[in-house]
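The values are calculated or read from the model by the stated rules, or taken from the named source; none is laboratory data. As the structure is a prediction and not an experimental result, all values here were calculated from the model. Cβ atoms come from the backbone with ideal geometry, glycine included; neighbour counts cover every protein chain shown. Keep in mind that these areas ignore ligands, DNA and RNA; they rest on the heavy atoms of the full protein, side chains included. Shrake-Rupley method; radii C 1.70, N 1.55, O 1.52, S 1.80 Å.
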Amino acid sequence: MTTVAEDKIAGALGKLHAAQYGNLEIEPLTDSWPELDERTAYAIQKRLVVAAVTEESTRISGLKLGLTSVAKQKQMNVGEPIYGLLLASRMINEGEPLRVASLIHPKAEPEIAIVTGSDLQGPDVTAEQARAAIASASCAMEIIDSRYKDFRFTLTDVIADNTSAARHAISTFRVPARDLDLRTLGVVFEKNGEVVTTAAGAAILGDPAIGLAWLANKLAEHGESLPAGTVVMTGALTDAITIAPGDLVRVSVAQLGTLTLRCV
């Protein structure tokens, strides 16, 4: 006999799966399950991604951070970031267009992606240890696409929905981290040739290394770690912008180059 919680988890997975593969908006899970807690939400996320690995004949290719700005955390009334999982099948290669019709209501965010050069095992990883573990950094962009209607959701809703992960693009140009201070890298985000906003790497919790340390420590709560060679999208550097067919979005990061995405 299944428990009430197991029935609710199965129901949530069914709704999220149908939304992802049917391009359907759904109401937040917490509308009917207000007691959904963080640990259960991460369990739903993992099962959702494992199902996608099988369905798309792919693999988990990395992790992503969300809610890495103080403003976003205040908006969601939380005091820490969240994390999600990346799938290789949802990677957009450089020069490949984004087919907008495959998503519900996509938005683009500029990011910095890093690759770890050594293992990070929580629960007591420091920012200094995380910084030393970063092997390289690249210019990146994430396409988020919440399955929830009108982008209305609570913290646990968005965790269960794999933090709105939809597509991601990472430049193949990697710069050794020893040559960089990620905090001070200037960022310019453009849409159709016009500058939308600017930022610096410090928009990520003051230092992307702080985000990486948080991730290693958070994963330890779930009995997991960050092995060497892990790709991590470190979080949005600016607010996301809505994109549509015909748009051209570009992120430029000092020392890391430029990444352009064409929407069709």
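Among the candidates ALA108, ALA113, ALA51, the residue that is small (Gly, Ala, Ser), modelled with pLDDT of 95 or more, part of a helix (DSSP H, G or I) and under 27 Å from LYS218 (Cα atoms) is uniquely ALA51.
Quickly run through the range 117-151 and pick out the residues that are outside any strand (DSSP E or B), acidic (Asp, Glu) and under 20 Å from the mean Cα position of the chain (by Cα).
Start the filter on the range 117-151 by keeping residues that are outside any strand (DSSP E or B), which leaves 117-119, 121-133, 145-147, 149-151.
So of that shortlist, the ones also acidic (Asp, Glu) come out as 119, 124, 128, 145, 150.
Answer for the range 117-151, where residues must be outside any strand (DSSP E or B), acidic (Asp, Glu) and under 20 Å from the mean Cα position of the chain (by Cα): ASP145, ASP150.
For the range 82-100, taking the residues that are in contact (Cβ under 8 Å) with a residue 40 or more places away in the chain and part of a helix (DSSP H, G or I), the one that is nearest to ALA51 (Cα to Cα) is identified as ARG90.
Restricting attention to the range 240-258, does a residue exist that is surrounded by fewer than 23 Cβ atoms within 10 Å (Cβ to Cβ), touching a residue at least 12 places away in the same chain (Cβ under 8 Å), more than 30 Å from THR30 (Cβ to Cβ) and aliphatic (A, V, I, L, M)? Full working, then the answer.
Initial filter on the range 240-258 (surrounded by fewer than 23 Cβ atoms within 10 Å (Cβ to Cβ)): 240-248, 250, 252, 254-255, 257-258.
This time we only want the ones that are touching a residue at least 12 places away in the same chain (Cβ under 8 Å), so: 240-248, 250, 252, 254-255, 257-258.
Checking which are more than 30 Å from THR30 (Cβ to Cβ) leaves us with 245-248, 250, 252, 254-255, 257-258.
With the extra rule that they be aliphatic (A, V, I, L, M), the set shrinks to 248, 254.
Yes, because at least one residue in the range 240-258 is surrounded by fewer than 23 Cβ atoms within 10 Å (Cβ to Cβ), touching a residue at least 12 places away in the same chain (Cβ under 8 Å), more than 30 Å from THR30 (Cβ to Cβ) and aliphatic (A, V, I, L, M).
Select from the range 54-76 the residues that are more than 22 Å from PRO227 (Cα to Cα) and either acidic (Asp, Glu) or part of a strand (DSSP E or B) (or both) and write down the one among them that is farthest from the chain's Cα centre (by Cα). The residue in question is GLU55.
Quick check, is SER69 of a type in the set (Gly, Ala, Ser) and open to solvent by less than 80 Å² (accessible area, probe 1.4 Å)? I'd like the intermediate steps shown before the answer.
Numbers: of a type in the set (Gly, Ala, Ser): yes; open to solvent by less than 80 Å² (accessible area, probe 1.4 Å): yes.
Criteria met by SER69.
Every condition in (1) in a loop (DSSP other than H, G, I, E, B); (2) modelled with pLDDT under 95 holds for ARG178 except the one numbered (1). Only one of the numbered conditions (1) surrounded by fewer than 19 Cβ atoms within 10 Å (Cβ to Cβ); (2) under 18 Å from the mean Cα position of the chain (by Cα); (3) touching a residue at least 24 places away in the same chain (Cβ under 8 Å); (4) part of a loop (DSSP other than H, G, I, E, B) is violated by GLY79, and that is (3).
Taken as a whole, the range 194-205 holds no residue that is within 18 Å of the chain's Cα centre (by Cα) and of a type in the set (Ser, Thr, Tyr).
Within the range 122-160, the set of residues being closer than 30 Å to ASP247 by Cα, surrounded by fewer than 18 Cβ atoms within 10 Å (Cβ to Cβ) and among the charged types (D, E, K, R) comprises LYS149, ASP150, ARG152.
Within the range 16-25, is even one residue surrounded by 17 or more Cβ atoms within 10 Å (Cβ to Cβ) and outside any helix (DSSP H, G or I)? Write out each step before concluding.
Just the residues of the range 16-25 that are surrounded by 17 or more Cβ atoms within 10 Å (Cβ to Cβ), to begin with: 16, 19-20.
Within this subset, residues satisfying the condition of being outside any helix (DSSP H, G or I) are none.
So far as the range 16-25 goes, no, none of its residues is surrounded by 17 or more Cβ atoms within 10 Å (Cβ to Cβ) and outside any helix (DSSP H, G or I).
When you check ASP179 against the structure, is it closer than 24 Å to ALA130 by Cα, in contact (Cβ under 8 Å) with a residue 40 or more places away in the chain and touching a Leu at 6+ places or on another chain (Cβ under 9 Å), yes or no? Answer is no for this residue. How about the range 88-105: which of its residues are at pLDDT 95 or above and farther than 18 Å from GLY22 by Cα? Passing the criteria: ALA88, MET91, ILE92, ASN93, GLU96, PRO97. Across the range 181-208, the number of residues qualifying as in a strand (DSSP E or B), of a type in the set (D, E, K, R) and open to solvent by 50 Å² or more (accessible area, probe 1.4 Å) comes to 2. Of all the numbered requirements in (1) surrounded by fewer than 19 Cβ atoms within 10 Å (Cβ to Cβ); (2) more than 17 Å from the chain's Cα centre (by Cα), LEU36 misses one, and that requirement is (1).
Name the one entry in GLY211, GLY235 that is in a helix (DSSP H, G or I) and crowded, with 21+ Cβ neighbours inside 10 Å.
Numbers: GLY235 fails: in a helix (DSSP H, G or I).
Of the residues listed, the single one that is in a helix (DSSP H, G or I) and crowded, with 21+ Cβ neighbours inside 10 Å is GLY211.
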